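The values are calculated or read from the model by the stated rules, or taken from the named source; none is laboratory data. Predicted model only: the values in this text are computed from it and were never measured. Every residue, glycine as well, gets a Cβ built from its backbone with ideal geometry; the counts of neighbours run over all protein chains shown. When the accessible area is computed, the model is the full protein with side chains, heavy atoms only, and any ligands, DNA or RNA have been set aside. Shrake-Rupley method; radii C 1.70, N 1.55, O 1.52, S 1.80 Å.
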Amino acid sequence: MDDVASLPSQNRSNFRWWICVLLFFGTTICYLDRQVIGLLKTTLEHDIHMSDAQYGHIVAWFQAAYAAGYLFAGRLNDILGVRRGYALWVAVWSVFAICHALVRSVTGFSIARIGLGLAEGGNFPAAIRSVSEWFPRKERALATGLFNAGSNVGVIVSALLVPWLTLTFGWPSAFWITGVLGFVWLAAWIPSYRQPQQHSRVSASELALIESDPPDPVQKISWVSLLRHRSTWAFVVGMLLTSPVWWFYLFWIPDFFFKTLHFDLKNVGWPLVIVYLIADLGSVAGGWLSSTLIARGRSVNAARKTAMLVCALCVIPVVFASQVANPWVATLLIGLACAAHQGWSANLYTFASDTSARKTVSTVVGMGGMAGAVGGIFMAEFVGHILEWTHSYVLLFALAPCAYLLAMVVIQVLVPKIVAPGE
């Protein structure tokens, strides 16, 4: 719609950015809840006599459940709608987050992680669907980068909060308190979210901006029909190759800080804060880069792929993280890699909304998320056994950059040019 730019901006509401804020905090709580166990790994090793391999099994159970949750939550979000679907997942994962405080065995933690993983699988399909409903294509990468920054903020908050709670009140308190936050978020989400066309807080000019892209084609929504599209496979393979690297950072970097860099529970918080503050900048910068390129006249295809390539190249220095003598240099290298991953993810998720009809976005994201989580299962087992055999992170950091470069090649081969549905 060429007339959108001519509408008076002073009368334009910006309620879509409040929706982005809610998605940001939902993602923050999601990552806060899942990160608690990584920070408590060494504490639980002592209290419940857990080995590296057993911790790998617990992480793998979470990943398996997360894979299933991602797939079916994505489909259910497209059926129920985002408002009800997202609320359901947050309520369920909050209950299971609290349940971690009640168990005292590897089996108990595995069961709690299964429930957490199933429900947390609904977060990104719901959030990406929300972005596709509330933002035009030119703003989606930035909106995705902003809400995706919540994943890093969740880890930052956990790095500061969990050690203090554990040392002051005992480790179960960390699960109790973080689990309750999801119910606080629901009190804001349920009354706030509606379709833009039905929302009293959305002005006519903002609605025109949101609807400025060409209408989606009539399309049958089924997994089989979506798998006929090369863009679906490009997204799925991209997630399969790169998401396991993020899971490695999320669940094993605290252990790397404890055992290789010799931080402890009292001082591990700030190195993790630095890592994920840098990652936050990467998430926003990755979305900003492609959105800015589009605003300056570059095609969606060139903008998304340029941003993804830049991010893939920025992962390469992490190969030296386990070999440098200075722990703060290692921290910065890991932070750069996490930032690159988050920038990559912001554009990869936006790639899914670029190439999928709005009514299928959540399903496509669910399929890709399932693939990434399945890769995470194998990563968890692989890392656990590699550490028991070698007691070193050298190989693990060396493999990380390869995933992004290979994914970049696969995406380019499958989708030489990004084309919107119906074009």
Checklist outcome for this item: Sorted on mean Cβ neighbours within 10 Å (highest first), peptides 122-130, 312-320 come out as 122-130, 312-320
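R0 = 60 Å: FRET efficiency of Leu80 with Asn326, Cβ-based, nearest 0.05? Could you put the intermediate results ahead of the total?
On the way: r = 50 Å, r/R0 = 0.84.
Plugging the Cβ-Cβ distance into 1/(1 + (r/R0)^6) gives 0.75.
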Checklist entry - Quick one: Debye curve from the C-alpha atoms of segment 110-159, no solvent, what's log10 I(q)/I(0) at q = 0.18, 0.23 Å⁻¹? => result -0.70, -0.90
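How much FRET efficiency would the formula 1/(1 + (r/R0)^6) give for Val95 and Trp389, where r is the Cβ-Cβ distance and R0 is 41 Å, rounded to 0.05? Don't jump to the answer; show the numbers that get you there.
Details: r = 37 Å, r/R0 = 0.91.
Once the sixth-power term is evaluated, E becomes 0.65.
Just how many % of Cα pairs in segment 299-423 lie over 18 Å apart, if you round to the nearest whole percent?
Details: 4733 of 7750 pairs.
Of all Cα-Cα distances in segment 299-423, 61 percent exceed 18 Å.
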Checklist entry - If one takes the longest principal axis of the Cα atoms in the chain, at what angle in degrees, from 0 to 90 and to the nearest 10, does the Cα axis of helix 123-134 lie? => result 20
Checklist entry - How many percent of the accessible area of the chain is carbon or sulfur, using a 1.4 Å probe? => result 69
Checklist entry - With Cβ to Cβ distances under 12 Å as the rule, what net charge do the other residues near Ile37 carry (K, R +1; D, E -1)? => result 0
Item to check | Under Karplus coefficients 6.51, -1.76 and 1.60, residue-wise ³J(HN,Hα) of segment 152-162 in Hz, glycine/proline x | outcome: 6, 4, x, 5, 4, 4, 5, 5, 8, 7, 5
Next on the checklist: Between helix 269-295 and the chain, what is the angle of the helix's C-alpha long axis to the longest principal axis, kept within 0 to 90° and rounded to the nearest 10?
Outcome noted: 20
Checklist outcome for this item: For segment 47-109, the Cα-Cα pair-distance distribution in 10 Å bins from 0, as whole percents, is 19, 41, 27, 12, 1
Item to check | For the chain, convex hull of alpha carbons as volume per residue, Å³ | outcome: 128
Checklist outcome for this item: In terms of the charge dipole of segment 295-423, which places +1 on Lys and Arg and -1 on Asp and Glu at the beta carbon, the residue among Ala339, Ala303, Pro327 farthest towards the positive end is Ala303
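Calculated FRET efficiency, Gln198 and Ser225, Cβ-Cβ r, R0 30 Å, to nearest 0.05?
Values: r = 28 Å, r/R0 = 0.93.
Once rounded, the FRET efficiency stands at 0.60.
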Checklist outcome for this item: Between the modelled labels at Thr306 and Val413 (7 Å from Cα along Cα→Cβ) the distance in nm is 2.6
Checklist entry - Where in segment 37-53 does the label zone of Thr107 land, with the point 7 angstrom along Cα→C-beta and an amide N cut-off under 18 Å? => result 48-51
Item to check | Per residue value of the accessible surface for segment 132-208 (all protein chains in place, 1.4 Å probe), Å² | outcome: 37
Checklist entry - How about segment 284-378: which trypsin sites (Lys or Arg not before Pro) there lie in a loop by DSSP and see at most 16 other Cβ atoms within 10 Å? => result Arg296, Arg298
Checklist entry - For Ala187 and Ile48 in one chain, what is 0.36 nm times their gap in residues minus the Cα-Cα distance, to one decimal in nm? => result 46.5 nm
Checklist entry - Using alpha-carbon pairs under 8 Å, 6+ residues apart, how would you state the relative contact order of segment 1-160 in percent? => result 40
